[in-house]
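The values are calculated or read from the model by the stated rules, or taken from the named source; none is laboratory data. If you're wondering where the values come from, they're calculated on a predicted model, not measured in any experiment. Cβ placement follows ideal geometry from the backbone for every residue including glycine, while neighbour counts extend to all protein chains displayed. Side chains included, ligands, DNA and RNA excluded: accessible areas come from the protein's heavy atoms. Shrake-Rupley method; radii C 1.70, N 1.55, O 1.52, S 1.80 Å.
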Amino acid sequence: MNYLSTRGHPDRKRFCEILLEGLAPDGGLYLPEKYPQVDTATLAKWRDLPYAELAFEILSLYIDDIAPTDLKAICAKTYTAEVFGTDEIVPLRELEDGVYIEALSNGPTLAFKDMAMQLLGNLFEYELARRGAELNILGATSGDTGSAAEYAMRGKKGVRVFMTSPDGRMSPFQQAQMFSLQDENIHNIAITGVFDDCQDIVKAVSNDLGFKRKYRIGTVNSINWARLLAQVVYYFAGYFQATASNDKPVSFTVPSGNFGNVCAGHVARMMGLPIQTLVVATNENNVLDEFFRTGIYRVRSAADTHETSSPSMDISKASNFERFVFDLVGRDAGKLRKLFVEDLGLEGRFDLSADPAFKQAAERFGFKSSRSTHADRLATIRDTEKRFATLVDPHTADGLKSAREFLVPGVPMVVLETALPIKFAATIVEALGHEPDRPAKFEGIEALPKRVVKLPADAEAVKAYIAQNCD
Ligand SMILES: *Cc1c(COP(=O)(O)O)cnc(C)c1O
């Protein structure tokens with residue numbers, strides 16, 4: 001399997017070459033040259049496989065430069081009941097007639113990002129050992145991504161994590177999750193400033209090419225193809241649990257931000273999994289909903305990006321969206337470049353409303369979309385507790401609200417649960433007047449010793465800290 005860039009670079013690469021890379025050299029995103037096709041006979045063979053074996057089967061179609069026995073061992077080591085809480089790994093529960101919730105948030109940090117990041121940690125360790133190389137991951141987080149990366153990389157050989165976060169601005173629970181890690185290869189850096197300062201620091205350090213090369217600086221952001229690929233697996237696992245045979249369609253609703261999660265659903269559908277509809281659920285930051293309704297994709301400025309009670313969906317520009325648009329325009333790299341380099345670059349928007357391709361987003365690719373507000377979120381959290389004695393987190397609540405707008409009799413609707421309520425306790429308290437349950441392993445974490453350094457919002461200070469801690 002070879003990978004190409006959405007922007008038309010002539011090089012073709014193998015999986016392990018793009019594993020440790022971010023963007024392609026031309027600024028595009030990597031995609032497989034074609035989507036492997038899965039027929040009903042294959043679906044029948046996969047239906048009863050344990051999750052780790054299903055992951056191996058799917059990953060094998062995309063990875064041909066890791067020996068099968070090694071890849072199998074990596075999958076088996078990643079997807080265990082010990083790490084993800086149940087033998088099913090992603091258990092499905094029926095909420096009401098035809099509406100299901102697929103639990104993706106029982107990993108180490110209680111958000112679905114663990115599903116991909118845990119695999120990435122094991123793949124990184126494997127590939128770095130094979131090359132005799134090291135990697136220093138530098139990141140900025142306001143919550144979910146940073147903690148998922150730290151829990152995935154802790155104790156891994158050849159990898160260090162330097163994670164910046166805005167001092168005092170994460171929830172106490174999220175802070176405690178990250179800062180209580182005592183692993184030597186995990187470095188928490190609390191920056192005196194806001195999240196944008198942290199991101200600016202990461203950019204400044206990455207733009208210093210000499211420093212970047214000398215200290216082997218890398219990232220784990222959501223455009224990494226391996227992360228997306230790992231997420232394809234739970235669409236298959238959800239499908240099998242929601243159906244009794246392989247001729248039945250299923251729809252999914254996905255709380256969306258950077259379009260990584262739902263893009264994995266798109267890939268599963270392109271492989272032939274019988275997915276009828278993919279509902280893109282957004283919050284007040286409705287960049288994606290606007291596109292699927294109007295054909296106009298208009299990125300927002302930081303000032304125009306709302307801080308909402310489903311904060312992991314607060315994006316102004318969806319970093320994985322280019323992958324889907326590439327397929328939408330018939331994989332025409334020239335057309336893609338016009339949209340993403342010229343139009344977005346010059347005007348901050350592109351307009352496909354008059355293009356026949358836009359119609360296909362719904363008709364051929366099955367996409368629908370919706371948007372929720374803070375009031376919707378609170379109402380859904382309350383209603384779900386009252387009628388079903390179930391707590392959902394604010395992001396999953398956005399999904400549930402959107403899902404109900406697209407129900408079709410006889411077609412199961414699976415809502416992806418992207419986090420557990422305890423991560424966003426303040427909104428749960430606002431909705432219900434009481435704290436959400438806390439899984440036993442997180443009892444009292446706020447009182448644990450913290451491993452964190454405080455630094456000013458200054459890239460030079462962060463560079464000096466990295467240099468000091470790299471021997
Ligand atoms: C990251 C995240 C999302 C958004 O996922 P994307 O892949 O960026 O679309 C939604 N909900 C939660 C809880 C998240 O952590």
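Near the amide H of residue 369, under 5 Å away, which other amide H atoms are found, from residues 5 or more places off or on another chain, if H is placed in the peptide plane?
Result for residue 369 returns 280.
Could you pull out every residue, at least 5 positions away or on a different chain, whose amide H is within less than 5 Å of the one on residue 140? Hs are placed 1.01 Å off N in the peptide plane, and Pro or chain starts have none.
164
If you put +1 on each Lys and Arg Cβ and -1 on each Asp and Glu Cβ, how big is the dipole of the chain around its Cα centre, in Debye rounded to 20?
My answer is approximately 740 debye.
Calculate one ³J(HN,Hα) per residue across the stretch 150-160 by plugging θ = phi - 60° into the Karplus curve 6.51 cos²θ - 1.76 cosθ + 1.60, and present them in order as whole Hz with x for glycine and proline.
5, 5, 7, 9, 4, x, 7, 6, x, 10, 10
Find the eigenvalues of the gyration tensor of the Cα atoms of the stretch 192-272, then list the square roots of 5 times those eigenvalues as equivalent ellipsoid semi-axes, largest first, in whole angstrom.
38, 15, 8
What accessible area per residue comes out for the stretch 313-414, rounded to a whole number of Å², with a 1.4 Å probe?
43
Which of the peptides 433-440, 105-112, 221-228, 291-298 is most tightly packed, and how do the rest follow, going by the mean number of other Cβ atoms within 10 Å of each residue?
Peptide ranking by packing, descending: 105-112, 221-228, 291-298, 433-440.
Explain nothing, just compute: Karplus ³J(HN,Hα) = 6.51 cos²θ - 1.76 cosθ + 1.60, θ = phi - 60°, for every residue of the stretch 114-129 in order, whole Hz, x for Gly and Pro.
With coefficients 6.51, -1.76 and 1.60, one gets 4, 4, 8, 5, 4, 5, 4, x, 6, 5, 4, 4, 4, 6, 5, 5 Hz.
Please report Rg (one decimal) and Dmax (integer) in Å for the Cα set of the chain.
When restricted to the Cα atoms of the chain, Rg and Dmax are 21.2, 61 Å.
Return the ratio Rg/(2.2 N^0.38 Å) for the stretch 133-239, where Rg is computed over Cα atoms only.
Normalised by 2.2 N^0.38 Å, the Cα Rg of the stretch 133-239 equals 1.13.
Between residue 134 and residue 351, what is the label-to-label distance in nm when each label sits 7 Å out along the Cα-to-Cβ direction?
Distance between label points: 5.3 nm.
So, counting K/R as plus one and D/E as minus one, what does the shell of residues with Cβ under 13 Å around residue 423 add up to?
Result for the neighbourhood of residue 423: -4.
Among 132, 251, 205, flag the residue with its Cα farthest along the positive direction of the charge dipole of the chain, charges on Cβ as +1 for Lys/Arg and -1 for Asp/Glu.
132
Short version: ³J(HN,Hα) in whole Hz for each residue of the stretch 363-375, in order, from phi by Karplus 6.51 cos²θ - 1.76 cosθ + 1.60 (θ = phi - 60°), x for Gly and Pro, what are they?
Those phi angles translate into 5, 9, 9, x, 7, 10, 8, 7, 9, 10, 10, 3, 4 Hz.
Measure off, as a whole percent, the carbon and sulfur share of the 1.4 Å-probe accessible area of the stretch 230-362, all protein chains present.
Of all accessible area on the stretch 230-362, carbon and sulfur atoms account for 49 percent.
Show me the ranking of peptides 441-453, 3-15 by mean Cβ neighbours inside 10 Å, starting with the highest.
So the peptides 441-453, 3-15, ranked by packing, come out 3-15, 441-453.
Grab the other residues whose beta carbon is less than 15 angstrom from that of residue 106, score K and R as +1, D and E as -1, and report the net.
With Lys, Arg at +1 and Asp, Glu at -1, the neighbours total -4.
Taking all pairs of distinct Cα atoms, average 1/r, flip it, and tell me the Kirkwood hydrodynamic radius of the stretch 210-360 in Å to one decimal place.
16.9
Can you give me the pair-distance distribution of the stretch 335-471, C-alpha pairs, 5 Å bins, whole percents?
2, 8, 10, 12, 9, 9, 12, 13, 11, 9, 4, 1, 0
Determine the alpha carbon to alpha carbon distance for each of 77/386; 45/441; 401/441; 113/203; 77/441; 113/248 and list only those over 32 Å.
77/386; 45/441
With 16 Å as the cut-off, how large is the P(r) tail for the stretch 328-408, expressed as percent of Cα-Cα pairs?
66
Rolling a 1.4 angstrom probe over the protein heavy atoms, how many square angstrom per residue are accessible across the stretch 20-114? Could the numbers behind the result be given before it?
Working: 4050 Å² over 95 residues.
Averaged over the residues of the stretch 20-114, the accessible area is 43 Å².
So how do 116-124, 173-181, 416-424 stack up, highest first, on mean other-Cβ count within 10 Å?
Packing proxy ranking, top to bottom: 416-424, 116-124, 173-181.
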